[in-house]
Amino acid sequence: MQDSFEKIISEIVKTSRDMWSKGWAEANAGNISLRLRPEIAQDKTTFQPRSDWVALDMKFPNLAKERFLITGTGMYLRNIEISPANNVGVIELDDSGGQYRLLWGYESGCDPTSELSSHLEAQAVRKRVTDGTDRAVIHTHSPNLTALTYALDLDTLRISKLLWEMHTECIIIFPEGVEFVPWMLPGSLELAEATAKGLEKRRVILWQFHGILATGNNLDAAFGLIDTAEKAAGIYLKAASAGPISNKLSTEQLQALARRFALKPDPSILNTRI
Ligand code: 13P
Ligand code: ZN
């Protein structure tokens, strides 16, 4: 619930503190964006134009006039709680969705995150495919998931099945699986486009040798997806370090979970053998 801008700030403070405490956010790692609800975004006392219009790498027509709370580039997530206005900003897109300007924050003089293209592409796709429900995007450097991209040859089907098999919660929390994106330059349009393609069908995207991005209707939902996938990756690594993994959830057990919780898991993942 976005009751007030103060409440939203307290949510991003909590989320960023939790990301740091979990070991997902070394130095300036990770970034967060939240599409503001109109009743908050239209607060004329708090939000006033504070910069010229800046051209985006591409146009986002379905995000025209939308306003986003978004972390600043180079800022440490662990410092948001000390000074939200230094580390986070509110930007608005113009009526073509091709430019943005600052309305609040970035008082340290920073710009929006270098992953702005990925955040806006993600926000645009998820706004479309969820009829406007999804509003939050989190990217972070979760170590267990990232370690798996070094240790194993992965693709979307393999990482999804592996996580489902290693923790009972996974198929319940992300029955559509996790999209795997091979390494691409951080901050690049190429990475943003590959991410957006995955988000047509899934809410969690694993960036090889880098980290994870997840979306949700609020910060808790996006955080919960990452937390669950990261935990399963950690269980896999712990089990593998204790010896060869001799037990994991079987396809039949996964099917039983799907029946019990009325899930529609991606059948191509269910049928994958790893
Ligand atoms: P920013 O500091 O620009 O947000 O970059 C952090 C990051 O994780 C890049 O992928
Ligand atoms: Zn990153």
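Observations on the structure shown:
- Diffusion coefficient (Stokes-Einstein, Kirkwood radius over C-alpha pairs, 4 °C, 1.567 mPa s) for the stretch 1-89: 91 µm²/s, rounded to a whole number.
- Cross-link pairs Lys161/Lys238; Lys7/Lys238; Lys59/Lys197 - those with Cα-Cα distance over 28 Å: Lys7/Lys238
- Eligible aspartates and glutamates near Lys264 by straight Cα distance, threshold 14 Å, same-chain separation 8 or greater: Glu176
- Surface accessible to a 1.4 Å probe, Asp131 within the full protein complex, Å²: 140 Å²
- Assigned charges on the beta-carbon of Lys, Arg, Asp, Glu; the chain dipole about Cα centre (debye): 680 debye
- Heavy-atom accessible area order for Arg67, Arg101, Arg35, Arg158, largest first, 1.4 Å probe: Arg158, Arg101, Arg67, Arg35
- For the stretch 214-262 and the stretch 64-105, distance of Cα centres in Å: 32 Å
- Leading residue at positive end of dipole, the chain (Cβ point charges), from Gly132, Ser10, Phe60: Gly132
- Prolate/oblate/rounded call for the stretch 111-204, Cα gyration tensor, a/c under 1.5 rounded: oblate
- Heavy-atom accessible area with a 1.4 Å probe sorts Lys14, Lys7, largest first, into Lys14, Lys7.
- Cα gyration tensor, the stretch 130-274 - rounded (a/c under 1.5), prolate or oblate: oblate
- The distance from the alpha carbon centre of the stretch 143-172 to that of the stretch 2-61 is 29 Å, rounded to a whole number.
- By average C-beta atoms within 10 angstrom, highest first, the peptides 244-250, 50-56: 50-56, 244-250
- When you filter the GluC sites (Glu not before Pro) in the stretch 34-101 for DSSP loop state and at most 16 other Cβ atoms inside 10 Å of their Cβ, you are left with Glu81.
- Across Met184, Met58, Met19, the residue with the most accessible area heads the list, and the full order at a 1.4 Å probe is Met58, Met184, Met19.
- Here the ratio of the Cα radius of gyration of the stretch 210-274 to 2.2 N^0.38 Å is 1.33.
- Loop sites in the stretch 173-208: chymotrypsin sites (Phe, Trp or Tyr not before Pro), DSSP, at most 11 other Cβ within 10 Å: Trp183
- Across the chain, the convex hull enclosing all Cα atoms gives 121 Å³ per residue.
The values are calculated or read from the model by the stated rules, or taken from the named source; none is laboratory data. Small disclaimer: the values here were computed from a predicted structure and weren't measured. Methodologically, a virtual Cβ is constructed for each residue, glycine included, from the backbone with ideal geometry; neighbour enumeration extends over all protein chains shown. The accessibility values were calculated without ligands, DNA or RNA, using every heavy atom of the protein model including side chains. Shrake-Rupley method; radii C 1.70, N 1.55, O 1.52, S 1.80 Å.
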